[in-house]
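Chemist: Starting off with a structure, shown below.
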Amino acid sequence: MTYTQEKQAAVEAVTRAAHLCASVRAAMVGAAFLQKDDKSPVTVADFGAQALICQYLAEAFPHDAIVAEEDAAELRKREQASLLDQVARYVRQTLPNATRRDICGWIDAGNSQLADRFWTLDPIDGTKGFLRNDQYAIALALIEGGEVKLGAVACPALPLWMDGSGSNTGTLFVAVRGERAQMAPLYGGVAVPIRVTGAANGTGLRFVESVEAQHGDQALQREIAQAVGIIQPPLRMDSQAKYGAVARGEAALYLRLPSPKSPDYRENIWDHAAGSIVV
């Protein structure tokens, strides 16, 4: 199976969401957000991105399940009317006739039960990076029979190359299992194949790690990298943009060892599904 239609749909869906997220962040000054049970912030962009992607996928593949991060239960509460209005304002930039009820329904379309074939979505991976004007990603993957078949990761704040060459307006990564991973300017442009680094020794290599110190043991990660000859300072990034850096050869690996300060830290299913196939 070629997954041509699925690939096109995934690219269109995450690109739409990326436009919304970039618009929210451009206007974000003390933006409204909720606190989930795990204390991570949920912004207008999380809800809006999930609404747009779920709406698009539900039309393109009505029989597919979608498993995503957010739900609209809080947005439906009377005291959150202002926040829902903000979400609606940004969603209507793409879907002018969307009602508040439509938007909540699209968000909740991401609460499907697991099936043999399903899409998994993180509408904003790296929400803290989004809030502090740093890296974040919209991550979408198609899973069939327990295997990732397709991944698309939109990184609106990631330059086409970290050295400053190429576009600075965002990067899109996409891959289908068994095919070469590709990278393209997020808002239009020619896709090019990418490959991991082919350096033969560690002197020219670097690794990528999380910005958040509690996500890993940064001191131990540095020691291990130096022990194998990687002497360049690490590239610290939020979100699945890290996978993109590895996939296109700007880092040799994403190194993440458990932090003794956060031994029980875990990531969710959508945190790696799209990135795993892109890398």
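Chemist: Say whether the condition of being more than 22 Å from residue 133 (Cα to Cα), buried (at least 20 other Cβ atoms within 10 Å of the Cβ) and of a type in the set (Val, Ile, Thr) is met by at least one residue in the range 165-177.
Modeler: Yes, the range 165-177 contains at least one residue that is more than 22 Å from residue 133 (Cα to Cα), buried (at least 20 other Cβ atoms within 10 Å of the Cβ) and of a type in the set (Val, Ile, Thr).
Chemist: Hey, another quick one. Which condition does residue 50 not pass, out of (1) in contact with a helix residue (DSSP H, G or I) (Cβ under 6 Å, 6 or more places away or on another chain); (2) surrounded by fewer than 23 Cβ atoms within 10 Å (Cβ to Cβ); (3) closer than 20 Å to residue 137 by Cα, if it passes all the others?
Modeler: Status for residue 50: all satisfied but (2).
Chemist: Exactly one condition in (1) among the charged types (D, E, K, R); (2) modelled with pLDDT under 95; (3) surrounded by 14 or more Cβ atoms within 10 Å (Cβ to Cβ) is false for residue 39; which is it?
Modeler: (3)
Chemist: Also, quick follow-up: So for the range 91-101 (the condition being farther than 16 Å from residue 59 by Cα, buried (at least 19 other Cβ atoms within 10 Å of the Cβ) and not aliphatic (A, V, I, L, M)), does at least one residue qualify?
Modeler: Within the range 91-101, none of the residues are farther than 16 Å from residue 59 by Cα, buried (at least 19 other Cβ atoms within 10 Å of the Cβ) and not aliphatic (A, V, I, L, M).
Chemist: Name the one entry in 60, 98, 32, 88 that is of a type in the set (A, V, I, L, M, F, W, C), modelled with pLDDT under 95 and touching a helix residue (DSSP H, G or I) at 6+ places or on another chain (Cβ under 8 Å).
Modeler: Only one candidate qualifies: 32.
Chemist: I need the full set of residues from the range 215-232 which are assigned to a helix (DSSP H, G or I) and acidic (Asp, Glu), in order please.
Modeler: Residue satisfying the conditions is 223 alone.
Chemist: With the condition kept exactly as written, say whether any residue in the range 238-251 is surrounded by fewer than 19 Cβ atoms within 10 Å (Cβ to Cβ), at pLDDT below 85 and touching a Gly at 6+ places or on another chain (Cβ under 9 Å).
Modeler: Within the range 238-251, not a single residue is surrounded by fewer than 19 Cβ atoms within 10 Å (Cβ to Cβ), at pLDDT below 85 and touching a Gly at 6+ places or on another chain (Cβ under 9 Å).
Chemist: Only one of (1) over 14 Å from residue 22 (Cβ atoms); (2) crowded, with 20+ Cβ neighbours inside 10 Å; (3) modelled with pLDDT of 95 or more; (4) out of contact with any Gly (no Cβ under 7 Å at 6 or more places or on another chain) is not met by residue 127, so which one is it?
Modeler: (3)
Chemist: Of the numbered conditions (1) of a type outside the set (Phe, Trp, Tyr); (2) assigned by TED's automatic domain parsing to the domain that holds residue 54; (3) surrounded by fewer than 24 Cβ atoms within 10 Å (Cβ to Cβ), residue 157 fails exactly one; give the number of that condition.
Modeler: (3)
The values are calculated or read from the model by the stated rules, or taken from the named source; none is laboratory data. Note that the structure is predicted; figures quoted are calculated from it, not measured. Ideal geometry is used to build each Cβ from the backbone, glycine not excepted, and the neighbour counts take in all protein chains shown.
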